[in-house]
Amino acid sequence: MSDEQMENKLIDKTIERRNNMLDKAKKEAAAIESRTEVELKRIKDQTNQAIENILGGEIRAVHDRIVGGAQLQGRKQVMEARTEIIANVFDEAQKAVMKIIASPEYKDVLVKITSESINKLNEDCIVYANKEDAKYLKSEMEQLPIGHKVKIEESKEDILGGVTIVNMDGTKTIYNTLETRLKTARGRLTSEVAEKLGVI
């Protein structure tokens, strides 16, 4: 084989080796690129998931704050409505009590309230009433229950629409006024309104 042929063969082998190396390098580059794309997608997915988790937590916290605030505001409005309803009812009831006291029928109511209280206490007693009511009760003693000693006195306290009855040794007291009944009814009504409005 001539030098020229040897040289051509050597060049061909070098070119072939170079082409093989280029092919191998291209394949390795393609494999690296493929792995890089997979890793890049994995990193992006993880990053997106982390961002979603952070945002989701923040959104939940904001949602909870908004809902909690709305519920608190709702409860506050219900409480205000309840207070307003009860106040209105008792304003009307107070007006009704004042009408009863001013009416001609009040004298009968006063005698009835006093009789109930004397019967309930069921012993000798002192009946306290405001000046006008005490005067009327003294004039109507025969309408009061018999069987116990009953003394009628003007109260030092302002008693509106009824009487306070105390036994002779001062150990038992009955408050029986329209105002007292109204206060008792107010407590009951407050609970009923609260229950109906779903507050308790």
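The values are calculated or read from the model by the stated rules, or taken from the named source; none is laboratory data. Small disclaimer: the values here were computed from a predicted structure and weren't measured. A quick note on method: Cβ atoms are made from the backbone with ideal geometry, for glycine too, and the neighbour counts reach across all protein chains shown.
At a glance:
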read-out	value
Scope region 150-170; condition of a type in the set (Ser, Thr, Tyr) and in a strand (DSSP E or B); matching residues	164
So residue 137, is it touching a residue at least 40 places away in the same chain (Cβ under 8 Å) and either of a type in the set (Lys, Arg) or more than 30 Å from residue 75 (Cα to Cα) (or both)	no
Filtered residues of region 158-172 (kept if exposed (fewer than 15 other Cβ atoms within 10 Å of the Cβ) and either under 20 Å from residue 124 (Cβ atoms) or in contact with a Pro (Cβ under 9 Å, 6 or more places away or on another chain) (or both))	168, 169, 170, 171, 172
Residues that are in contact with a Ser or Thr (Cβ under 9 Å, 6 or more places away or on another chain) and under 13 Å from residue 133 (Cα atoms), drawn from region 96-121	109, 113
Tally of residues being at pLDDT 75 or above, polar (S, T, N, Q) and farther than 27 Å from residue 186 by Cβ across region 62-98	0
Criterion violated by residue 127 - all others in (1) at pLDDT below 90; (2) crowded, with 16+ Cβ neighbours inside 10 Å; (3) outside any helix (DSSP H, G or I) satisfied	(1)
